[in-house]
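The values are calculated or read from the model by the stated rules, or taken from the named source; none is laboratory data. Model, not experiment: these values are computed from the prediction. Cβ coordinates were reconstructed from backbone atoms using ideal geometry, including for glycine residues, and neighbour counts include every protein chain displayed.
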Amino acid sequence: MSQQIHDLGELFEEVQLKNILGDGKTFPDCTPKRPLTEIDSEYHSIKNSSGFDLKKFVLDNFSLPKDYSTNYVTESNTPIKDHINDLWHVLTRIPEQENSSLIPLPKPYVVPGGRFREIYYWDSYFTMLGLRESGRFDLISNMIDNFAFLIDEFGYIPNGNRSYFLGRSQPPFFSLMVALLSEGNEKEILIKYLPALEKEYQFWMKGKENLTQQHRCERRVALMPDGTFLNRYWDENDTPRPESFKEDLELSHRTLQKPEDLFRNLRAAAESGWDFSSRWFKDINAFETIHTTEIIPVDLNCLLVHSENLLSKAHKWIGNEKEATIYSAASSRRVMAVRKYCWNDTTKFFFDFDVVGQKQKEHMTLAAAFPLFLQVATPEQANFVQHVLDQKFLRRGGFVTTLNKTGQQWDAPNGWAPLQWTVYRGLLNYNFNSLAEQLRRRWTEVITRVYSQTGKLTEKYNVVQEGGDGGGGEYPNQDGFGWTNGVFLAISAKAAR
C-alpha cells in the first residue's frame, strides 16, 4: 500500500497535536491534492518561514473528507421506520477509488454515519438486522461479500476499511452475518463462505502452535493453566492510533506503562469495539491503567464458539466429517473454559479473566450477556445472570453498559444498540420473556423520544436520565446511525410478530 497521510511524520504529528482540523480522524481521512512526497517536501522547506499558516497549508494541499449524512434530519411527522428506510440510502456508499486512506471495496455497503465514513466490522451485523427487516438482502449479501474480500486480501476483517485500521480487527461477527444470510438457504451459503470463515478463524488462532506454559500468550491467543485455549484482543502495532494521535500521546505522559504497551492496549481496546470502558482498566477510574491485552474477554470467546460451531456445520455439508469433529470439539472445549474461567459462582455472573494476574476481573459489564446470546451459559447460570441484569443494569431507557460512571462512553449512563440486542436475544434464548419485553419497550421509547425531539437517530443513548442523549468519550455523539437503525427495526419487529 502506498504512503498514507498518517505516514508523513512531522507534518502529520504537528497537524494532529495542534488539533488543526478539530477531530483527529479528519486529517487521516483527507485526500491529498498532489503526491505526498511533494507536499511533505514543501512543508519542510517553508514551515519555519515568517507567516507560515499550518491550517491554510493543510487546506491548500488536502481535500477534506465528505460528510454525506451529518445533520440529516427528517420531517418531524415522518414515522421513525420510514426515516430509517430513507436513511439506508443516505448511509449507502458506492465503491470508489480514492487516493486516500480508504480501502476500496467491490460492492455497495452501509456506513454508520457522522464521522464514521467507512464500513465498520461489528457495527455491520447490527445494521444487517435492520436491513433484513427492510427486505434489503441485496445490501446484506454485498456487505458480506465485501468482508469476504477483505479476509481474502488481508487475512482478516480490519476494524474498518481504512489503511490506518490495518493491524486490528473487531469482535468476530462474520459467522453471525453468514448465519443471518443463510436463513432458508443454509447449505449453499455456508459452502460459499466456508473459505472466508476458515481464514478468519485462523487469524484469531494465529500463534496457538507456539504457546507453552512458559510462553502463554501470543497475538490473540492465550494458553490457560489447564491447557485450553482462549482468546484476547490485540493489535499488530504499538504506536499511537493515527485517528486519535493527540489523545493517545497525551495519555502516554500520565501512565506508568511503557508507551508501546499503552498504545497496544489502547489499540486492543479499539479492536474490542468498547473504546473505551473501565472494563479494560486496572483502576476503574484511571484510564492510564488500561491493560486490554492482559484480559480474556467473555464476549470474544462466546463469539468464537459460534464461529467454531458454524465451521463444524459447514464442513458437515461438504462431507468433511473429520474437520467437522475437530471444530465441534474445539467449541465444546471453549464452552467449558468460558464457564470455568469467566463464571463466578459466588456473584453468579460472568466476568472477564485477567490472564496475567490469573484472576477474574471484578466489575460487572453487559459482556456477561454474551453467554446467553450465544447459548454458552447453562440454564442455571442464565437464570442468575438475568436476575443480576434486572436488579443492577436495567434503567428507564434500557440497560447500562457498566455500573461505573467514568466519563468513558462505554460506561454508565450510556446504553448502546448492539448490547441491547445481545441482552434481548440472550433473554429470549432462555425464555426470560418478561424482562426481554421490558428492555424492548424501554429501549424503543428512549430512541423514539430523542427522535421526536431531534429528527435523528444517534450512536448511543443516556438510558439513566430523561433526556436520552448519550455522551462521554473522545468525540461527540454521532448521528446516522447504522446499528441503532438496525436494532430498532429488528427489536420492533419482534414485538409485532
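Please pick out the residue among T228, T212 that is more than 18 Å from L150 (Cβ to Cβ), among the hydroxyl-bearing types (S, T, Y) and touching a strand residue (DSSP E or B) at 6+ places or on another chain (Cβ under 8 Å).
T212
Of E96, E75, which residue is over 22 Å from the mean Cα position of the chain (by Cα), modelled with pLDDT under 95 and over 27 Å from R241 (Cα atoms)?
On the way: E96 fails: over 27 Å from R241 (Cα atoms).
None of the other options fit; the residue is E75.
Determine which member of the set E323, E271 is in a helix (DSSP H, G or I), surrounded by fewer than 21 Cβ atoms within 10 Å (Cβ to Cβ), in contact with a helix residue (DSSP H, G or I) (Cβ under 9 Å, 6 or more places away or on another chain) and at pLDDT 95 or above. Let's see the steps before the verdict.
Working: E271 fails: surrounded by fewer than 21 Cβ atoms within 10 Å (Cβ to Cβ).
So the residue among E323, E271 that is in a helix (DSSP H, G or I), surrounded by fewer than 21 Cβ atoms within 10 Å (Cβ to Cβ), in contact with a helix residue (DSSP H, G or I) (Cβ under 9 Å, 6 or more places away or on another chain) and at pLDDT 95 or above is E323.
Considering only residues of the stretch 468-495 that are modelled with pLDDT under 90 and more than 19 Å from the chain's Cα centre (by Cα), which is surrounded by the most Cβ atoms within 10 Å (Cβ to Cβ)?
Step one: filter the stretch 468-495 for residues modelled with pLDDT under 90, giving 468-480, 494-495.
So of that shortlist, the ones also more than 19 Å from the chain's Cα centre (by Cα) come out as 468-469, 494-495.
Details: G468: 22, D469: 15, K494: 16, A495: 10.
Among them, the one singled out is G468.
Name the pairs whose Cβ atoms lie under 8 Å apart, with the first residue in the stretch 244-257 and over 12 Å from F287 (Cβ atoms) and touching a residue at least 24 places away in the same chain (Cβ under 8 Å), the second surrounded by fewer than 18 Cβ atoms within 10 Å (Cβ to Cβ) and of a type in the set (A, V, I, L, M), and 6 or more positions between them or separate chains?
What qualifies is F245/L17; K246/L17; L249/L17.
Being under 23 Å from G468 (Cβ atoms) and touching a residue at least 60 places away in the same chain (Cβ under 8 Å) is the filter here, so list the residues in the stretch 370-407 that pass it.
Kept after step one, since they are under 23 Å from G468 (Cβ atoms), are these residues of the stretch 370-407: 389-407.
Selection gives R395, R396, G397, G398, F399, V400, T401, T402, N404, T406, G407.
Output the residues belonging to the stretch 347-363 that are touching a helix residue (DSSP H, G or I) at 6+ places or on another chain (Cβ under 7 Å) and under 13 Å from D299 (Cβ atoms).
Answer for the stretch 347-363, where residues must be touching a helix residue (DSSP H, G or I) at 6+ places or on another chain (Cβ under 7 Å) and under 13 Å from D299 (Cβ atoms): F350, F351, D352, F353.
How about the stretch 226-265: which of its residues are under 20 Å from P476 (Cβ atoms) and not in a loop (DSSP other than H, G, I, E, B)? Before you say what the answer is, go through the steps one by one.
Step one: filter the stretch 226-265 for residues under 20 Å from P476 (Cβ atoms), giving 241-248, 250-251.
Passing the criteria: P242, E243, S244, F245, K246, E247, D248, E250, L251.
Conditions (1) of a type in the set (A, V, I, L, M, F, W, C); (2) assigned to a helix (DSSP H, G or I); (3) crowded, with 23+ Cβ neighbours inside 10 Å, marked per residue:
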| position | (1), (2), (3) |
| --- | --- |
| N85 | no, yes, no |
| E98 | no, no, no |
| P104 | no, no, no |
| E118 | no, no, no |
| F126 | yes, yes, yes |
| L129 | yes, yes, yes |
| G135 | no, no, no |
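State all residues of the stretch 334-358 that are of a type in the set (G, A, S) and over 14 Å from V305 (Cβ atoms); if no residue qualifies, say none. Explain how you work it out, then say what you get.
Step one: filter the stretch 334-358 for residues of a type in the set (G, A, S), giving 337, 357.
Once the filter is applied, which keeps residues that are of a type in the set (G, A, S) and over 14 Å from V305 (Cβ atoms), the stretch 334-358 yields only G357.
Residue by residue through the stretch 1-54, note down the ones that are aliphatic (A, V, I, L, M) and in contact with a helix residue (DSSP H, G or I) (Cβ under 6 Å, 6 or more places away or on another chain).
Hits for the stretch 1-54 are M1, I5, L8, L11, V15, L17, I20, L21, I39.
Output yes when any residue across the stretch 214-225 is part of a helix (DSSP H, G or I), in contact with a helix residue (DSSP H, G or I) (Cβ under 9 Å, 6 or more places away or on another chain) and surrounded by 17 or more Cβ atoms within 10 Å (Cβ to Cβ), and no when none is.
We begin by selecting, within the stretch 214-225, every residue part of a helix (DSSP H, G or I); these are none.
The answer is no, given that none of the residues of the stretch 214-225 is part of a helix (DSSP H, G or I), in contact with a helix residue (DSSP H, G or I) (Cβ under 9 Å, 6 or more places away or on another chain) and surrounded by 17 or more Cβ atoms within 10 Å (Cβ to Cβ).
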